[in-house]
Amino acid sequence: MSSLPAPSYRAYFVGTDGHIIGREDLICAGDAEAIELATKLTDEHAVEVWDGDRLVTKLACQKPSK
């Protein structure tokens, strides 16, 4: 029985000041799935998706402006 490698995708929550304020590990088969999952996390903060030391994408916060 072979074991699968640990997921390397991480979604970092970015505050309005540009600093990382949190992180969530993502279990994904590839970039497209990681981006899809991370898009669901943009309600309150911008999100950066990383695969190890490779930046996959930056997603803007989707919270409506008041």
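The values are calculated or read from the model by the stated rules, or taken from the named source; none is laboratory data. On a predicted model such as this, the values are computed, not experimentally measured, just so you know. Because the Cβ atoms are built from the backbone with ideal geometry, glycine has one as well, and the counts that use them run over all protein chains shown.
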Name the pairs whose Cβ atoms lie under 7 Å apart, with the first residue in the range 29-41 and among the aliphatic types (A, V, I, L, M), the second at pLDDT below 95, and 6 or more positions between them or separate chains? A34/C28; L37/C28
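If you take the residues in the range 8-54 that are among the small types (G, A, S) and in a strand (DSSP E or B), which one is nearest to the chain's Cα centre (by Cα)? Walk me through it before giving the result.
Taking the range 8-54 first, the residues among the small types (G, A, S) are 8, 11, 15, 18, 22, 29-30, 32, 34, 38, 46, 52.
Of the ones still in play, those that are also in a strand (DSSP E or B) are 11, 22, 46.
Numbers: A11: 2, G22: 10, A46: 9 Å.
This residue is A11.
Conditions (1) within 17 Å of K63 (Cα to Cα); (2) modelled with pLDDT of 95 or more; (3) polar (S, T, N, Q), marked per residue:
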{"site": "P7", "(1), (2), (3)": "no, no, no"}
{"site": "E24", "(1), (2), (3)": "no, yes, no"}
{"site": "C28", "(1), (2), (3)": "no, no, no"}
{"site": "L37", "(1), (2), (3)": "yes, yes, no"}
Number of the exception - T57 against (1) within 10 Å of the chain's Cα centre (by Cα); (2) crowded, with 16+ Cβ neighbours inside 10 Å: (2)
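So, D43, is that one at negative phi and surrounded by fewer than 13 Cβ atoms within 10 Å (Cβ to Cβ) or not? Write out each step before concluding.
Details: at negative phi: yes; surrounded by fewer than 13 Cβ atoms within 10 Å (Cβ to Cβ): yes.
For D43, the condition - at negative phi and surrounded by fewer than 13 Cβ atoms within 10 Å (Cβ to Cβ) - is met.
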